[in-house]
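Asker: My questions will all concern the structure given below.
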Amino acid sequence: MQTLDNPNLTNTPAFDTTIHRRKTRPVQVGDITIGGGNPVVVQSMINEDTLDIDGSVAAIRRLHEIGCEIVRVTVPSMAHAKALAEIKQKLADTYQTVPLVADVHHNGMKIALEVAKHVDKVRINPGLYVFEKPKSDRTEYTETEFTEIGDKIRSTLEPLVISLRDQGKAMRIGVNHGSLSERMLFTYGDTPEGMVESALEFIKICASLDFYNIVLSLKASRVPVMLAAYRLMVQRMNELGMEYPLHLGVTEAGDGEYGRIKSTAGIGTLLAQGIGDTIRVSLTESPEKEIPVCYSILQALGLRKTMVEYVACPSCGRTLFNLEEVLHKVREATKHLTGLDIAVMGCIVNGPGEMADADYGYVGKQPGYISLYRGREEIKKVPEDRGVEELINLIKSDDRWVEPE
Ligand code: SF4
C-alpha cells in the first residue's frame, strides 16, 4: 500500500497494489497443483517426435531443469501414445518424475484412452476431438443435427472422462480460436462466444460424470480476441458458479521481441486482473527460450519471485557513470541472490527517492564516487572502482550473501 503526498488527497484511501487472484479449484497434475491459490504454474512443450524416446526424455529433462513445471508432448498416433509409457519410465529411472500432459487432436478417443494411462493430464481440443468434415454447401445447422453431434461428442468423451476421473488425473479443455468446430462457427460465429460455448459443452459433459479436474484455455493468435474469450469465460463461470482454473496463452505469437511482447500483452493483462493459474508462452524458438519469458512476466507482476529484481534508472544528463556498464557488473555479481531487490541509480538527486524500496542501492554520488544504500539509508561513500566489491561486502555484513554455485 502506498500513501500519496498531495495534501488534497490526504483523506483518499491508498490504492491497493495487490493483485487479487480469482478463486479457483485446485487441479492436481502429478506433483504440481494448478489453481487453488497456488503460484502460477509455468509450462511448455517439447517439439521432439514422441517416438524418439531418448530425444524426448532429454528434452523434457532440459525444460524441467530450467523451471518448466509441467511439460507437454504431442501424441498424433497410437504408437506415440504407447511411447509415453517408456518416456515416463525412463525419466523416473534416469532423472525424476515430471508432470506430463499429452496433446490429443483429431478423432483421438482411442489414443487419448491409451495415453491417459501414462500421463498426468490429457489436453483435448473441442473443435477437433470429434471432427466433422465441413460441408461446402451447408447453409444452416438444424437443431437435430446440432444435438446429434452433441450426442456423438458425449459418447466419445465419456470413456476418457471416466478414465481420468478414476485415476485422479486431469484434463485441459483447450479451445483454439483457429479451430472451432463448424457447428460452433455456424451457431455463434468466429467469436469469443463460440469459444466459450465450445468449452462449456465439454465442461457440462464432464460435470454430468462427476469429473471436475479440469483446466481451461481459450487461446487465439490475436491478443484482443484472446482477452475477450478469457474474460467472457470468467463471466460465464461466475454466472454458473464454476471455479475452473485457467491456462493462459497467445497462440502463434511468433518469435523475437514481438513474440515476447505479444505474449506478455495477452498473458500479463489477464494476470494483472487476477485471471490465470498456469501460463505458456508459445514462441517460434526452442522451448527453453519460453521459460525465462514466463518467469519475467510473473516476476514483473509480483506473482512469483525467481530472480533478483533490479531497479535501474534510464540515465540522463545527470548520470555520473556509465549506467549500462555498471548495471551489467552489479547484475553479474549478484544475480544469484534470488529474492533481493537491488537498485542502480545514476545520481543522488532523484535516485534515492526512486529506488522503489529496494533492499540495496548503488547510487552516483559525485564524479568518481558512488554511495551504497541499505533501503533508504545511505551507508557509505566509496570510489566508483570499488563499488561492486563494497556492495558485496555490505550484503555480506547483513548476512544476506550466498556464494554463487
Ligand atoms: S536517477 Fe538521476 S541520473 Fe537517473 S534518470 Fe533520474 S535524474 Fe537522471
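Asker: Taking the stretch 45-72 as the region of interest, how many residues are in a helix (DSSP H, G or I) and of a type in the set (Ser, Thr, Tyr)?
Answerer: Just the residues of the stretch 45-72 that are in a helix (DSSP H, G or I), to begin with: 53-65.
If we keep only those that are of a type in the set (Ser, Thr, Tyr) too, we end up with 56.
The total comes to 1.
Asker: Considering Leu340, Leu323, which residue is surrounded by 15 or more Cβ atoms within 10 Å (Cβ to Cβ) and without any contact (Cβ under 8 Å) to a residue 24 or more places away in the chain?
Answerer: Leu323
Asker: If you don't mind, there's one more thing I want to ask. Could you list, ordered by first residue, the pairs with Cβ atoms under 6 Å in which the first is in the stretch 275-304 and small (Gly, Ala, Ser) and the second is in a helix (DSSP H, G or I), at least 6 apart or interchain?
Answerer: Matching pairs, first to second residue: Gly276/Leu270.
Asker: A further question on this structure: Among the residues of the stretch 85-94, is there at least one that is assigned by TED's automatic domain parsing to the domain that holds Ser56, at negative phi, out of contact with any strand residue (DSSP E or B) (no Cβ under 8 Å at 6 or more places or on another chain) and not in a helix (DSSP H, G or I)?
Answerer: For the stretch 85-94, residues assigned by TED's automatic domain parsing to the domain that holds Ser56, at negative phi, out of contact with any strand residue (DSSP E or B) (no Cβ under 8 Å at 6 or more places or on another chain) and not in a helix (DSSP H, G or I): absent.
Asker: Got a number for residues in the stretch 270-288 being over 12 Å from the mean Cα position of the chain (by Cα) and either within 14 Å of Val40 (Cβ to Cβ) or in a helix (DSSP H, G or I) (or both)?
Answerer: Number satisfying all stated conditions: 5.
Asker: Examine the stretch 81-92 for a residue that is among the aliphatic types (A, V, I, L, M), crowded, with 22+ Cβ neighbours inside 10 Å and closer than 27 Å to Tyr212 by Cα, and state whether such a residue exists.
Answerer: yes
Asker: Suppose we keep only residues that are among the β-branched types (Val, Ile, Thr) and assigned to a helix (DSSP H, G or I) within the stretch 231-269. Which one would you say is surrounded by the most Cβ atoms within 10 Å (Cβ to Cβ)?
Answerer: Ile267
The values are calculated or read from the model by the stated rules, or taken from the named source; none is laboratory data. Since the structure is predicted, the reported quantities are computational estimates derived from the model, not experimental observations. Quick reminder, even Gly has a Cβ in these numbers, built from the backbone with ideal geometry, and neighbours come from all protein chains shown.
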